[in-house]
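Worksheet: one structure, shown below.
Read the figures in this text as sums done on the coordinates, not as results from a lab. As the structure is a computational prediction, the values presented were derived from the model and not from experiment. Here the Cβ is made from the backbone with ideal geometry for all residues, glycine too, and neighbour counts use every protein chain on show.
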Amino acid sequence: MALLDIKNLTIYYETEDGVVKAVNGIDLQLEKGESLGLVGETGAGKTTTALGILGLIPNPPGKVKGGEIWFDGQDLLKTPEKEMRAIRGGKISMVFQDPMTALNPVHKVVDQIAEMVLLHNEGISKADAQVRALQMLEMVGIPADRANEYPHQFSGGMKQRVIIAIALACNPEMIIADEPTTALDVTIQAQVLDMIRGLRERLGTSLLMITHDLGVVAEICDKVAVIYGGEIMEYGTLEHIYNETAHPYTKGLFGSLPRLDLDVDRLTPIQGLTPDPTNLPAGCPFGPRCPQHTEACDVKPPYNEISPGHFVRCMLFNDQAINTAGKESEE
Ligand SMILES: Nc1ncnc2c1ncn2[C@@H]1O[C@H](COP(=O)(O)OP(=O)(O)OP(=O)(O)O)[C@@H](O)[C@H]1O
Ligand SMILES: [Mg+2]
């Protein structure tokens, strides 16, 4: 059984301007010890999915309309808030995009980590929590002699390391990292990604990495889910997504990926605008922008497994499902 198993998750924001259909029937699995990249353009529903897992959708205007989120054998959508509070930061930690707002400016960095350790380890002494906090700092590459400094004395990259130390402080089973490096400059970004990869290998923590950057995914992830208009368009291993790219949207994402080995003007960004989530097309959400769009795309494409472990939601692959019988009998 997967550590995280999301089934048909649907989340809307009911606003004055209409119903924002942010997440529309997502299925996702994350195995223990694995890292999964959730990739897509702005507004695709990535953060909403993450907040949904953690039970943090702001309500109103947000509402989980349906689905199941199984984590460690428990449906998080049916878990009482009190228990969710223990799960957040205990079994599941979250690293957000902006390191500037996630740290408390008036507390020493070591104390902020120790506080997290105390919160999630009943009976641990303050002294032991401090020791553990120092170990965590060292693990993320911050020397002990800087432990008693305040966040404003740290660079952006170092702050993000502290946040990762806080996220790891209670030995979570899973970390959700939402664009953890986008606020950092490119060199620092590479260092932090390197560190995340090293820590994961050492600790075996499962990772859900949210990003719009396929380069980041290639660095750290085992599996990739491509999300568009709140639906998973393509899912598979790195090999599937990078070498056997199937969905026109995934191809488009690669076309718009800046590559150092290519001339800049050979970049071909995806034409058109991201869909209006209050007014999504009836069929494929990518249809209006898709270079291979046909009339067939005006109905919802099925989510087909086209080779073992490689799933695609696209009419071009409508007849290529290898596993429909098996899938139906499972359900
Ligand atoms: N609190 C909210 N109220 C209303 N609409 C919201 C709210 N939060 C998000 N949305 C809308 O839901 C959709 C999905 O947003 P979400 O933040 O999940 O996207 P994302 O993939 O994380 O994008 P980004 O890459 O910009 O972070 C967007 O259309 C967004 O405007
Ligand atoms: Mg987001």
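Some observations on this one:
- Between Gln153 and Val131, the C-beta separation translates, for a Förster distance of 25 Å, into a calculated FRET efficiency of about 0.65.
- Packing order of peptides 64-73, 170-179, highest average first: 170-179, 64-73 (average count of other Cβ atoms within 10 Å over each peptide's residues).
- Nearest-ten-degree value, helix 156-168 long axis tilted from longest Cα axis of the chain: 90 degrees
- Peptides 30-42, 127-139 ranked from most to least packed by the mean count of surrounding Cβ atoms within 10 Å: 30-42, 127-139.
- Dividing the Cα radius of gyration of the chain by its Kirkwood radius returns 0.98 for Rg/Rh.
- Using alpha-carbon coordinates, inclination of helix 109-120 to the longest axis of the chain, degrees: 70 degrees
- Shape of the range 37-107, Cα gyration tensor, a/c cut at 1.5: oblate
- Exposure proxy ranking, count of Cβ atoms within 10 Å, fewest first, for Ile57, Ile196: Ile57, Ile196
- C-alpha center-to-center spacing [the range 293-320, the range 28-90] in angstrom: 26 Å
- Derived scalar couplings between HN and Hα for the range 269-279 equal x, 5, 5, x, 9, 4, x, 7, x, 8, 8 Hz in order, rounded to whole Hz, by the Karplus curve 6.51 cos²θ - 1.76 cosθ + 1.60 (θ = phi - 60°), x for Gly and Pro.
- On full extension, the segment bounded by Arg197 and Gln320 gains 40.8 nm, given 0.36 nm per residue less the C-alpha separation.
- Ascending count of other beta-carbon atoms within 10 Å, so fewest first, for Arg202, Arg161, Arg85, Arg289: Arg202, Arg85, Arg289, Arg161
- The packing ranking of peptides 112-123, 9-20, 204-215, highest mean first, is 204-215, 112-123, 9-20, where packing means the average number of other beta carbon atoms within 10 angstrom of each residue.
- Evaluated on the range 55-208, the Kirkwood hydrodynamic radius is 16.4 Å, with distances taken between all distinct Cα atoms.
- By the count of neighbouring beta-carbon atoms within 10 Å, fewest first, Tyr249, Tyr303, Tyr242 end up ordered Tyr242, Tyr303, Tyr249.
- Given Lys21/Lys159; Lys7/Lys108; Lys32/Lys251; Lys32/Lys82; Lys78/Lys108; Lys46/Lys126, the pairs whose alpha carbons are separated by over 32 Å: Lys21/Lys159; Lys7/Lys108; Lys78/Lys108; Lys46/Lys126
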